[in-house]
Amino acid sequence: MRRQVPFIIATVAGVLMLVQFFVPAHGMVRMQTVFTLYTRIIGGFAMVLGVASLMQVSWVRVKRRADNWPFALTTILGFVVMFAVGVLGGFFIHDPTTGKLTWSAGIAPDKNPVFGWLFYNVYTTMDATIFSLLAFYMASAAYRAMRARDLTAGMLLGAAMIVMLGRAPLTAYFWDMWLVKPTDHQIASLGEITEWLLTYPNTAATRALMFGTGLAALAQGVRILVGLERPYMAGTGD
Amino acid sequence: MQQPRRGFWYSALRIDRRYIFVLVFVSLTVPFLFPGMRVAVEVQNPARQVYDFVDGLKEGDGVLVAFEYSPSTAPELTPMATCIARQCFQKGVRVYALSSAPEGPPIAAEVFRRVAGDYGRTEGEDYVNLGYKPGGVQAIVLGLAQNVSSVFPTDYVGTAVADIPAMRYFKKLSDLKLCVALSASTVAETWMGLASARFGVPVATGVTGVMVANFYAYLDTGQLVGLLGGMKGAAEYERLIAENVDPEHGYWFATRGMASQSASHVLIVLFVLFGNLAMVMSGRGQRRRRR
Amino acid sequence: MSRSGVMCALVGMCITAAVALTCCASAEPLAVAESAPAAVPTESAPAPTPEPTPATESAPATESAAPPGPTQPDFVEDPTLSPPQSLIAQDVPGDEGGALLLMWELSPDDTAPAMPREREQKTSPALKWLTKKERGQELANIAAAAAKSKCGYVVLRKVSTDSEFAWHPSMVPTGNPDGSEQEDPDFAGPETLPGGTREFKDESFVFLVPPGEDSELVSDKPPTLEDLQELRARRAKKDPRYNTYDYEVRFTKAGKMSLPAAIQGVRPRGNLFNPWWGNMAIVILLSGGLILGFIYTARLGRRALYVRPIAGLQAVEDAVGRATEMGRPILFSAGFGGVGDLSTIAAMVVLGRIARVAAEHGTQIIVPCLDPVVMAALREVVREAYMTAGRPEDYREDRIYFLTSAQFAYAAGVSGLIVRERVAACFYMGSFFAESLILAETGAMAGAIQIVGTDAYTQLPFFITACDYTLMCEEYYGASAYLSREPRLLGSLKGQDYSKLIIAVAMVASVILATVLSRIGAAGMAEFLQELFHYRAG
Amino acid sequence: MEAHGFWGILGIWCGAALTVFAFSFLYKDNPFYRFAESLFVGVSAGYGAAMVVHETFYRDIIVPVMAGFRFTSSDPAAWAMILHRLVGCTLGLMMWSRFIPRISWLSRWPMGFAIGFGTGVNIPYYIQQWLLPQIYGTVVPLTYIWTRAAEQKKQIGWGLNPELAAKMAEAVPPDGMLHWGLTISRIILFIGVLAALSYFFFSKAHKGAYGKFTRVGVYFLMISFGATFGNTVMARMALLIGRIQFLLYDWLGTMGVHLR
């Protein structure tokens, strides 16, 4: 009951989906939609679990006045506001033509002014900004971590620099001015070299990686279906 | 790291990274202070293939543009969308936009709002913004292949698709001549795998630079008809549009960024060279165990 | 597998079949519109119900049951034109059941050359062994010749219970996207199929969703119950599970059309196998079989299975040991996969090992999670590891917590964590995306030993440059097998290896063959060889 | 987006402030960044939760069930539809058994279902995404025949240089000839695939000639990673450029400074 039923459920679901891929009949397609619905619902309930965990952690920090508890409070407030506005914003949308709120479903940021404002000016701004922090880290990584310690690292470096210069119109332009034009296209342009690098050696390696990953995924799947690995047992005591 | 802590090169290796950050910021900002600055972009084949394919479409054909990205990657992907919209509108090709990402539709609306006017194209007649649908891109594509209205009963602003003239020519996925998946994730692969391989609709992708290298493998197998890679790809497309389609209109975001792009690339290359030089001169790299 | 495992597998298979049947049954309406035939075929049932017998031959004059009605505005019937011959209807193989194929022979009055049917194009002697380009050229020539003859064919359709035939939807240029025809002002007659056409694929069937799942309900202006029922009734007409259909095919020339070749009571049905995916089935069966086979040979233990050492894994002890010396915690991140993702599952195995070592050394392990379900799973993995190490009292659940499910919020949170907690060793196992550099570089800044295992090859360069050890893609999957030295997992690794060997051999052989073929001018055969590996998505 | 109205401008200022807060992390970890970070954590969690409430609880459960009950009289199929929701919610509620450790083993059932489902879906997907298409792309004749038509389509160099392309095309006989460059490239590609594949072969120690071959594979891998690195630099810089454009154009724009 505790050990075998989950395994049976997993195997049944897995084998059914595997079979469904090859059986195009409508009944099986319908089954897939039903199963997808189940997983969506499970995910929804699990999300509650996760949010509860986050709120609990933050709340404990606030209650205990742990260090930096104001930030935990910020998290809680941010969540509460966004959630409330989001839920209401989903059910009452602001109709720009009539200018009044109407009952609806769905959660379009631009239909609810408040939610939209939070979404665009807080959510997406932070999203984009933290994303763009990567540029700085990239630079420092290039300076502090990229070392031609051996031949392999050297090749990584060389390829990276060729691509970077080839992708930079300015350098590509000067290369063309000084090398390509004078020799009447006996020397390939930097962009073409980059293209070649990407199209042949890069594709070769990528393919090998894809073969490997695909097969490894298949093997792991088989192991799960026959119960050699039972990750679903985790997280539930005994 | 028990090494003698002395010597210029040694200290250079341990320079505070904040100086690097400042340099990066400056190299990116300065070019923008000279709005007149332009850099010519070399057009490569993957971008040209996209251009040629759209160029080969006839008036009245349908093109689907999937805005599968959030504003965080808009600098790379939105210029591509703008260019595709321009080329399609100029040829009279209908454009349908949809997204499996909740942040996508507003971007699509913005792009259409900016471009459509230049060619006198109207919403509903020449382009439709179908909006966002949860449940994953696989479900969306499979649904579209059967029946559009089952997935998108209404468009983004809530008009029933039955009342939209342009939707008469887009009842199911196979009515389209091209799908363009603009994505910052593997969603583009899913579009390719389903739309192209299963339903035979050609797929071109515009992806962030991160994924370009891997997508070349799909280009070679013919899974893709064309590929726009990152801001450079967008700039290439912008050049093709600006020179062949519509010189006067348009504010070429990507092309403008190219100056900063070049500067930063050169800076990074210099960083790498200098870092390695410092390692050599200081006589010892950090002995980090590695493969 | 253990005996109980085998038992469960068997039980599982039985239930699989049962669920399949019930699920498909529940997909069928229990009681349907009055037009429903006695037996609604359950496509995926093992014994397929007999296809409604197609009228293989039709005597035109007698069976032209339907006089041209008002839905046929601008073709006048002309008995002198002879109709298409020997009309038959076939189910399109390997589909969901939403397509029907009408095939006929040309009307004697048709002057156009017969166009090869779709399924003939690869086999007919004229078109065999041509490359795609050549074949396309040939077909284009035939089509051009056919276009010269100003004749064509029209298809009419009706639900068997209806009285009047109407133009087939795909010949009516307008209408609702949901396929329900509507009167359109600028409707000027049907688009006829060109002369020489000998087949027509009717793909206009749509399966009705169960009541309540209609997408209209979630739109901004949900319809009333009456509207919805009316709409569903209209859609039910297009559902081949509820109706059979009658067809008429007429030969048209210069605004006239012949008497119909008619056919009654046919409908498509779903099929039990899609031949297009045969090569995929072979790949899965072959590789899966190899993997299972090696698992069993490994269990019998006839010969020890060698697996080459994987550098990154052997360094785990060193890393944890170093953390112990410095008295700092270690950090583990399971990446962005959901609990079902294979990369996450491999991460759990690796975490089990790391946590055990940490427990033995008495080192704190911090695990911030992106996915609540993953979090729950990881908690249990760590707890079991501590118990195995005999230190259950050291296990602290609050060190394994749900941070957030937003990518960069997570990256920011973890990088802040690394700096604040002065982490000594970081393990990133799982699938990572753009945030990889933030994590890896912050770790490098904090001077932590970093060991990475990921299947996200876009992020590998940064991990390789910024981290100490990197398990690339498959190495990472192999890690779980390598860690738990179980013969079964090693066996599965073997299976992968041999599948790879087969792929390599197949590629070498085919490439050489293709090259030779193309050099001796049989490019078509080379393409055919390539087509064997053609992919279909699903 | 250009600012209009008080709220628009306030939004831009708020966005600019958060941007600066986040960038301040580059100097050092500080309260401003921590504020922005924790705010973002909360807001994104709230966003996700609101999404779930609408897309799952409302659209997938409440709406269909409410509508379904209206149908049950006319169409028994509605019962099946409602039953599906019921099963799904039961599984979902089982997940919540984690709140009660004593019965937390119940949550294995939904997890087993989710994992089994994911496995079954992913196996074919990986194969048809990564295995077959790439074999398909590799199994091509190594020799490439150059025809004038093909050459005329492909313009070289700066891409927009018709007369040069025409010149190149003239050099090609119309019936075609062996293109050595592309042929060699294809051979390199093919060898690269095999070599890189051999690196991921676990059953054999990397020794001797085979070891050297796998080294070649590693070189190909490294070139590929290098290319990825270069492209990613481009991507990240582009993102930062986006933010800088926001600061320089939108934010300064609200202060009357127009750089465009």
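Summary of values
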item	result
Residues that are open to solvent by less than 10 Å² (accessible area, probe 1.4 Å) and of a type in the set (Phe, Trp, Tyr), drawn from the stretch B:223-269	B:237
Subset of the stretch A:48-80 [open to solvent by less than 30 Å² (accessible area, probe 1.4 Å), under 23 Å from the mean Cα position of the chain (by Cα) and not β-branched (Val, Ile, Thr)]	A:49, A:50, A:53, A:54, A:78, A:79
For residue D:151: the one exception among (1) modelled with pLDDT under 70; (2) in a helix (DSSP H, G or I); (3) open to solvent by 50 Å² or more (accessible area, probe 1.4 Å)	(3)
Residue check for residue B:238: more than 9 Å from chain D (Cβ to nearest Cβ), touching a residue at least 60 places away in the same chain (Cβ under 8 Å) and charged (D, E, K, R)	yes
Condition check for residue B:122: open to solvent by 10 Å² or more (accessible area, probe 1.4 Å) and over 28 Å from residue C:407 (Cα atoms)	yes
Residue C:518 being away from chain A (no Cβ under 11 Å) and touching a Phe, Trp or Tyr at 6+ places or on another chain (Cβ under 8 Å)	no
Residue tally, condition within 7 Å of chain C (Cβ to nearest Cβ) and either touching a Ser or Thr at 6+ places or on another chain (Cβ under 7 Å) or crowded, with 24+ Cβ neighbours inside 10 Å (or both), over the stretch A:31-46	2
Members of the stretch C:353-403 found to be out of contact with any Lys or Arg (no Cβ under 9 Å at 6 or more places or on another chain), farther than 19 Å from residue D:111 by Cβ and in a helix (DSSP H, G or I), listed by number	C:353, C:354, C:356, C:357, C:358, C:361, C:387, C:393, C:394, C:398, C:399
Within the stretch C:426-468, tally of residues that are modelled with pLDDT under 85, open to solvent by 10 Å² or more (accessible area, probe 1.4 Å) and of a type outside the set (A, V, I, L, M)	7
Hits in the stretch B:83-102 (condition: open to solvent by less than 20 Å² (accessible area, probe 1.4 Å) and either more than 25 Å from residue B:136 (Cα to Cα) or in a helix (DSSP H, G or I) (or both))	B:83, B:84, B:85, B:86, B:87, B:88, B:89, B:92, B:93
Any hit, the stretch B:183-197, residues being in contact with a helix residue (DSSP H, G or I) (Cβ under 9 Å, 6 or more places away or on another chain), part of a helix (DSSP H, G or I) and farther than 30 Å from residue D:142 by Cα	yes
Among the candidates C:383, C:420, C:391, residue that is charged (D, E, K, R), surrounded by fewer than 24 Cβ atoms within 10 Å (Cβ to Cβ) and either within 42 Å of the chain's Cα centre (by Cα) or not assigned by TED's automatic domain parsing to the domain that holds residue C:445 (or both)	C:383
Residue satisfying all of: in the stretch D:105-147; in contact (Cβ under 8 Å) with a residue 24 or more places away in the chain and farther than 21 Å from residue C:505 by Cβ; nearest to the other protein chains (Cβ to nearest Cβ) among these	D:143
Failed item, numbered, when residue C:300 is tested on (1) away from chain A (no Cβ under 14 Å); (2) buried (at least 20 other Cβ atoms within 10 Å of the Cβ); (3) without any contact (Cβ under 8 Å) to a residue 40 or more places away in the chain; (4) not aromatic (Phe, Trp, Tyr)	(2)
Residue under evaluation residue A:122, criteria (1) surrounded by 23 or more Cβ atoms within 10 Å (Cβ to Cβ); (2) at pLDDT 85 or above; (3) under 23 Å from residue D:235 (Cβ atoms), criterion not met	(3)
Residue check for residue A:18: open to solvent by 20 Å² or more (accessible area, probe 1.4 Å), assigned to a helix (DSSP H, G or I), more than 7 Å from chain C (Cβ to nearest Cβ) and of a type outside the set (Lys, Arg)	yes
Residue count, the stretch C:101-119 (criterion: open to solvent by less than 50 Å² (accessible area, probe 1.4 Å) and over 21 Å from residue C:254 (Cβ atoms))	5
Any chance residue A:232 is open to solvent by less than 10 Å² (accessible area, probe 1.4 Å), in a helix (DSSP H, G or I) and under 24 Å from residue D:127 (Cβ atoms)	yes
Failed item in (1) more than 19 Å from residue C:202 (Cα to Cα); (2) surrounded by fewer than 22 Cβ atoms within 10 Å (Cβ to Cβ); (3) in contact with a Ser or Thr (Cβ under 7 Å, 6 or more places away or on another chain); (4) at the interface with chain C (Cβ under 9 Å from one of its Cβ atoms), with residue B:168 passing the rest	(1)
Test result for residue D:40, part of a helix (DSSP H, G or I) and open to solvent by 10 Å² or more (accessible area, probe 1.4 Å)	no
Hits in the stretch C:437-485 (condition: among the polar types (S, T, N, Q) and more than 9 Å from every other protein chain (Cβ to nearest Cβ))	C:450, C:454, C:484
Check on residue A:114, modelled with pLDDT of 85 or more, on the phi < 0 side of the Ramachandran plot, part of a helix (DSSP H, G or I) and more than 7 Å from chain D (Cβ to nearest Cβ)	no
Flag if residue A:172 is within 28 Å of the chain's Cα centre (by Cα) and in a helix (DSSP H, G or I)	no
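So that you can scan it fast, the table gives a plain yes or no per residue for (1) at pLDDT 90 or above; (2) crowded, with 24+ Cβ neighbours inside 10 Å; (3) closer than 26 Å to residue B:207 by Cα:
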{"position": "D:221", "(1), (2), (3)": "yes, yes, yes"}
{"position": "D:229", "(1), (2), (3)": "no, yes, yes"}
{"position": "D:236", "(1), (2), (3)": "no, yes, yes"}
{"position": "D:239", "(1), (2), (3)": "no, yes, yes"}
{"position": "D:245", "(1), (2), (3)": "no, no, yes"}
{"position": "D:248", "(1), (2), (3)": "no, no, yes"}
{"position": "D:259", "(1), (2), (3)": "no, no, no"}
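To keep it simple, each residue is scored yes or no on (1) over 30 Å from residue C:521 (Cβ atoms); (2) without any contact (Cβ under 8 Å) to a residue 40 or more places away in the chain.
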{"residue": "D:177", "(1), (2)": "no, yes"}
{"residue": "D:187", "(1), (2)": "no, no"}
{"residue": "D:192", "(1), (2)": "no, yes"}
{"residue": "D:196", "(1), (2)": "yes, yes"}
{"residue": "D:202", "(1), (2)": "yes, yes"}
{"residue": "D:210", "(1), (2)": "yes, yes"}
{"residue": "D:229", "(1), (2)": "yes, yes"}
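Here is a yes/no grid of residues against (1) at pLDDT below 75; (2) out of contact with any Gly (no Cβ under 8 Å at 6 or more places or on another chain); (3) of a type in the set (Ser, Thr, Tyr):
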| position | (1), (2), (3) |
| --- | --- |
| D:127 | no, no, no |
| D:139 | no, yes, no |
| D:146 | yes, no, no |
| D:159 | yes, yes, no |
| D:174 | yes, yes, no |
| D:177 | yes, yes, no |
| D:197 | no, no, no |
| D:200 | no, no, no |
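The values are calculated or read from the model by the stated rules, or taken from the named source; none is laboratory data. In this text the structure is predicted, and so the values were computed from the model without any measurement. Glycine also receives a Cβ, built like all others from the backbone with ideal geometry; neighbour counts cover every protein chain displayed. The area values use the complete protein model at the heavy-atom level, side chains included, leaving out ligands, DNA and RNA. Shrake-Rupley method; radii C 1.70, N 1.55, O 1.52, S 1.80 Å.
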